[in-house]
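Chemist: There's a structure below that I have some questions on.
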Amino acid sequence: APVIVWFRHDFRLADNAALTAAVETGAPVLCIHILDDAAGQVAARWWLGRALESFDAALRPLDGGLHVFHGPAIRVLPAVVAATGAQAVFWNRRYDPEGRETDTRLKAMLKEQGTPAHSFAGALLHEPWTIRTRMGQPYHVFGAYWRAACQMGHERPPLPAPERIAFATLDPAGLPPTAEVGAVGREMRATGWTEGLEEAWTPGEAAAREALEQFLDGPLEDYARDRDFPARPATSGLSPFLCWGHITPAQIRQAAVAQPRAAGLAKFMAELGWRDFAWSVLFACPDLASRNLRPEFDAMAWRRDPDGLRAWQRGRTGYPLVDAGMRQLWRTGWMHNRVRMVAASFLVKHLLIDWREGERWFARTLVDYDPASNGMNWQWVAGTGVEAAPFFRMMNPLIQSRKFDPSGAYIRTWVPELAGLSDTQIHAPWLAGGVAGYPAPIVVHEAARERALAAWRALRGQA
Ligand code: FAD
């Protein structure tokens, strides 16, 4: 009887504990994915479609393939187990609240059917419940969290890819509905929105390794100095690869520490630490993406402003750095971290729109969307999170633009109608009399600042 490996956010052969353990049983292996109808995460679904295709293509030369089923996992997995007579199921753990709940229920159901489910540590340096204060509580402050994590060390070197996999053949009789591996890709291409994503990314394990090597060979050295400048190729661009499990932090760490000239290493590792931290925050606060972690913000007088929201989403606020970021996001499914902060702050503070609107838009448009990093970072920017920048500290988009995109190179790439302005004018086209076809600022900075501070003071009963 076969063993099943259920792939979710772990489309890779190397450092895949569930796959390795399944292969080691000696039984024929059935590789499956279960496609549900995740609504909302459009760019991420494009990535998933391509990830399924590339993983299937990676299994083909080994004489295997990926079988994709359609429907809710809670029904589909037990049905696949029953139809194939599988002796065990293997998976790598996921840490989002809904995923964990489904997995716990499935484990119990399968046990009742007499089929054990074996789960393994997923794609974090440390699982979300492992780093705790001396009192056994989760950390709320990154610095303390990361010190504790570093002291704990990293137990496990990454696993090599299995040399050989004996694949099970699949008899379609009695199986739940299957989907073709390429179906999601076609469905997504039909939306007409994927051209920029196709141009920007090659999902898959091989491309992840290539991106890592490129980063280690060059940008890592000056990472700490350059990472805030969006026009420089200074960051790794690994976030969607990490998100979909084409590569693991353990693999990245092992390759990075082997670099002799890596001045930026500590900073880079700490960023991977932020990713772990976000998952530990989500683990402690399952409604991170929908509830203010500081409940006093529940009474905040957010504005309802559909036009403002739309202008922000489409990169037409009249603030060039914000617009450049929002257009990069729309086109490529990714935005530079510094610009994510500026754009998010603009929505929440300059437009005084509820951060959850922004969280939802990012969830829809990011290829690297995950509920932990997105939720935590939005709450951090909004000032509603646990260890957040205070609400009254507002990022001035003009100052940020002059400081982090001094020559305007990033703006020129994403807002071509401003390309003809000088390096000084490009940050504030309104000071140069405006540019035809580019909007005037939808809010005046000083007035928006006053409005936000007034709302914040009212919240604190100081109006
Ligand atoms: P690098 O600078 O090369 O960093 C390496 C890795 O560290 C990243 O790939 C990522 O996995 C991790 N990392 C870096 N910064 C952060 C951070 N602040 N929080 C958590 N992990 C981090 N990142 C996501 O992966 N998914 C999201 O949905 C997401 N939403 C965000 C929303 C907002 C409002 C903000 C301000 C940030 C968000 N980030 C999110 C964090 C960060 O912007 C991206 O991880 C980063 O830009 C990815 O680019 P990179 O791989 O080149 O990063």
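What follows draws every value from the coordinates through simple rules; no lab data is involved. Everything numeric here is computed off the predicted structure, so don't read it as measured data. Neighbour counts are summed over all protein chains in view; Cβ atoms, including those assigned to glycine, are modelled from backbone coordinates with ideal geometry.
Chemist: Return one number: the angle in degrees, 0 to 90 and rounded to the nearest 10, between the long axis of the Cα atoms of helix 142-152 and the longest principal axis of the Cα atoms of the chain.
Modeler: Tilt relative to the chain: about 30 degrees.
Chemist: Might you report the magnitude of the Cβ-based charge dipole of the chain about its Cα centre, with Lys and Arg at +1 and Asp and Glu at -1, to the nearest 20 debye?
Modeler: With Lys and Arg at +1 and Asp and Glu at -1, about 1280 debye.
Chemist: Now, a different point. How high is the relative contact order of segment 321-463, in percent, with contacts defined as C-alpha pairs under 8 Å that are six or more residues apart?
Modeler: 23
Chemist: Expected output is a single nm value to one decimal: the length gained when fully extending between Gln87 and Ala284, i.e. 0.36 nm times separation in residues minus the C-alpha distance. What is it?
Modeler: 67.5 nm
Chemist: OK, next. How long is the gain from Trp302 to Thr133 if the chain were fully straight, where each residue apart is worth 0.36 nm and the alpha carbon distance is subtracted?
Modeler: Gain on stretching Trp302 to Thr133: 57.3 nm.
Chemist: Could you tell me how far the Cα centroid of segment 355-392 sits from the Cα centroid of segment 229-284, in Å?
Modeler: About 19 Å separates the Cα centre of segment 229-284 from the one of segment 355-392.
Chemist: Order 374-380, 281-287 from most to least packed using the mean count of other Cβ atoms within 10 Å.
Modeler: 374-380, 281-287
Chemist: Now, a different point. Just to be sure I understand the model, the point goes 7 Å from the Cα along the line to the Cβ. What's the resulting His118 to Gln254 distance in nm?
Modeler: With each label placed 7 Å out from Cα toward Cβ, I get 1.9 nm.
Chemist: Under a point-charge model restricted to the Cβ atoms of Lys and Arg (+1) and Asp and Glu (-1), what is the dipole moment magnitude of segment 1-140 relative to its Cα centre, in debye to the nearest 20?
Modeler: 320
Chemist: Next question, about the same structure. Label points 7 Å out from Cα along the Cβ direction at Ala409 and Arg294: separation in nm?
Modeler: Inter-label distance under the simple model: 3.7 nm.
Chemist: Something else: Quick check: from the Cα gyration tensor, does segment 181-236 come out rounded (a/c under 1.5), prolate or oblate?
Modeler: oblate
Chemist: Label point 7 Å out from Asp171 along Cα-to-Cβ: which residues of segment 64-82 have amide N under 15 Å?
Modeler: Only 80-82 fall inside the zone, counting backbone N under 15 Å.
Chemist: Under a Cβ-only charge scheme (Lys and Arg +1, Asp and Glu -1), can you give me the dipole magnitude of segment 186-284 about the Cα centre, in debye to the nearest 20?
Modeler: 260
Chemist: So what is the relative contact order of segment 187-289, in percent, for Cα pairs below 8 Å that sit 6 or more residues apart?
Modeler: Here the relative contact order equals 27 percent.
Chemist: Please list, in chain and number order, the residues 5+ apart from His118 or on another chain whose amide H is under 5 Å from its amide H, with Hs placed from the backbone.
Modeler: HN-HN under 5 Å from His118: Val89, Phe90, Trp91.
Chemist: How charged is the neighbourhood of Pro390? Take every other residue with its Cβ under 13 Å from the Cβ of Pro390, and add Lys/Arg as +1 and Asp/Glu as -1.
Modeler: With Lys, Arg at +1 and Asp, Glu at -1, the net is +3.
Chemist: Decide, for segment 315-463, between rounded, prolate and oblate: order the square roots of the alpha carbon gyration tensor eigenvalues as a ≥ b ≥ c, take rounded if a/c falls under 1.5, and otherwise choose prolate if a/b is larger than b/c, else oblate.
Modeler: oblate
Chemist: OK, next. Using alpha carbons only, how many degrees (0 to 90, rounded to 10) separate the axis of helix 355-365 from the longest principal axis of the chain?
Modeler: Around 50 degrees separate the two axes.
Chemist: Still on this structure, I have one more. So what is the relative contact order of the chain, in percent, for Cα pairs below 8 Å that sit 6 or more residues apart?
Modeler: Reported as a whole number, the value is 18 percent.
Chemist: Once amide H atoms are built 1.01 Å from N in the peptide plane, which residues 5 or more positions from Phe167, or in another chain, come under 5 Å H to H?
Modeler: Val29
Chemist: Note down the nm distance, to one decimal, between modelled labels 7 Å out along Cα→Cβ at His154 and at Leu459.
Modeler: So the label points at His154 and Leu459 sit 3.7 nm apart.
Chemist: In addition: Classify segment 298-390 as rounded, prolate or oblate from the Cα gyration tensor: take a ≥ b ≥ c as the square roots of its eigenvalues, call it rounded if a/c is under 1.5, otherwise prolate when a/b beats b/c and oblate if not.
Modeler: Oblate shape, in that a/c is at least 1.5 and b/c is the bigger or equal ratio.
Chemist: On to the next question. Which residue, Gly64, Leu398, Ala179, has the largest displacement toward the positive end of the dipole of the chain when charges sit on each Cβ (Lys, Arg +1; Asp, Glu -1)?
Modeler: The residue sitting farthest along the positive end of the dipole is Leu398.
Chemist: Using the Karplus curve 6.51 cos²θ - 1.76 cosθ + 1.60 with θ = phi - 60°, work out ³J(HN,Hα) for each residue of segment 16-25 in order, rounded to whole Hz, and write x for Gly and Pro.
Modeler: Going residue by residue, I get 10, 4, 5, 4, 4, 5, 5, 4, 5, 5 Hz, with x marking Gly and Pro.
Chemist: Can I ask one more? Please turn the phi angles of segment 26-35 into ³J(HN,Hα) values with the Karplus equation 6.51 cos²θ - 1.76 cosθ + 1.60 (θ = phi - 60°), one per residue in order, whole Hz, x for glycine and proline.
Modeler: Taking θ as phi minus 60°, the curve returns x, 7, x, 9, 10, 9, 10, 9, 10, 8 Hz for segment 26-35.
Chemist: Within 10 Å, count the other beta carbons around each residue, average over each peptide in 59-70, 117-128, 168-179, and list them highest first.
Modeler: Top of the packing list down: 117-128, 59-70, 168-179.
Chemist: Amide H of Ala179: which non-local residues (sequence gap of 5 or more, or other chain) have their own amide H closer than 5 Å, using H built in the peptide plane?
Modeler: Residues meeting the amide H criterion: Val68, Phe69, His70.
Chemist: Same structure again: Step through the residues of segment 91-105 one at a time and calculate ³J(HN,Hα) from phi using the Karplus curve (6.51 cos²θ - 1.76 cosθ + 1.60, θ = phi - 60°), rounding each to whole Hz and writing x for Gly and Pro.
Modeler: So the Karplus estimates, Gly and Pro as x, are 8, 8, 5, 10, 10, 7, x, 5, x, 5, 5, 4, 5, 5, 5 Hz.
Chemist: Could you calculate the contour length gain from Ala161 to Ala447, that is, 0.36 nm times the residue separation minus the distance between their Cα atoms, to one decimal place in nm?
Modeler: Extending this stretch completely gives an extra 97.2 nm.
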